[in-house]
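Input: a single structure, listed below in structure tokens.
The numbers here are math on the coordinates, done by the rules we state, and not lab data. Since the model is a prediction, treat every value here as computed from it, not as a measurement. Heads up, the Cβs are rebuilt from the backbone with ideal geometry, glycines too, and the neighbour counts pull from every protein chain shown.
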Ligand SMILES: Cc1cc2nc3c(=O)[nH]c(=O)nc-3n(C[C@H](O)[C@H](O)[C@H](O)COP(=O)(O)O)c2cc1C
């Protein structure tokens with residue numbers, strides 16, 4: 001088993017998604033690669049290079065080559081993992097721009113997924129993703145939450161079979177209450193018989 005742990009909260013301390021994500025990673029107790037998109041944001045990309053990365057263009061341009069290399073590295077991190085832990089703070093009802101930037105770099109037809117007559121099929125080896133959605137007041141799963149459902153859709157699109165949500169809604173109360181609740185959700189997920197059997201097999 002091998003984890004890719006992505007953090008995107010702008011709060012480097014006191015972040016509910018970071019604290020709960022670290023608790024989960026510690027509990028899984030296995031090899032982990034940590035990518036912090038707030039501390040090390042991906043380089044800004046021009047409109048032309050964004051299209052080039054999306055279409056895996058073979059145009060020869062230094063800036064495009066740089067972004068393609070970044071995309072390759074990020075996709076390799078995904079290829080090397082079977083479990084994702086995603087810390088996703090809600091910003092303006094959606095995900096952090098840094099996390100969206102990462103998604104734009106990893107979703108590439110023919111590289112991380114392919115289109116078939118039966119629909120898109122993921123080309124990665126990711127078995128499961130844990131999505132920790134942190135909000136101020138917006139309840140996770142409400143019709144104002146454009147973060148958790150979006151992330152579930154993206155990972156389903158990339159072929160991830162098991163998608164687990166950890167709800168760090170601010171509407172639950174103080175940070176202590178939110179973190180306690182997040183940890184309990186982690187404990188409960190990890191004690192789920194089917195998931196724990198899968199984790200042992202992995
Ligand atoms: C730029 C920004 C936008 C935010 N937008 C929302 C929002 O739309 N809805 C909400 O409930 N909370 C919003 N918040 C609050 C965060 O979701 C909240 O602080 C949450 O705990 C962030 O996760 P973290 O604790 O891991 O940093 C926003 C915070 C920031 C900094």
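Brief remarks follow.
- Scanning the range 1-36 for residues that are assigned to a loop (DSSP other than H, G, I, E, B) and under 18 Å from residue 199 (Cβ atoms) yields 1, 29, 30.
- Scope the range 153-202; condition without any contact (Cβ under 8 Å) to a residue 24 or more places away in the chain, within 16 Å of the ligand (Cβ to nearest atom) and touching a helix residue (DSSP H, G or I) at 6+ places or on another chain (Cβ under 7 Å); matching residues: 172, 181
- Within the range 112-122, the set of residues being surrounded by 17 or more Cβ atoms within 10 Å (Cβ to Cβ) and either in a loop (DSSP other than H, G, I, E, B) or within 13 Å of the chain's Cα centre (by Cα) (or both) comprises just one member, 112.
- Test for residue 103: is it closer than 16 Å to residue 124 by Cβ, in contact with a strand residue (DSSP E or B) (Cβ under 9 Å, 6 or more places away or on another chain), in a helix (DSSP H, G or I) and more than 15 Å from the ligand (Cβ to nearest atom): yes
- Scanning the range 152-175 for residues that are buried (at least 18 other Cβ atoms within 10 Å of the Cβ) and assigned to a loop (DSSP other than H, G, I, E, B) yields a count of 3.
- Qualifying residue in the range 28-43 (condition: surrounded by fewer than 14 Cβ atoms within 10 Å (Cβ to Cβ), within 17 Å of residue 103 (Cβ to Cβ) and out of contact with any strand residue (DSSP E or B) (no Cβ under 8 Å at 6 or more places or on another chain)): yes
- Within the range 59-89, being touching a helix residue (DSSP H, G or I) at 6+ places or on another chain (Cβ under 9 Å), surrounded by fewer than 18 Cβ atoms within 10 Å (Cβ to Cβ) and more than 22 Å from residue 129 (Cβ to Cβ) holds for 59, 61, 63, 66.
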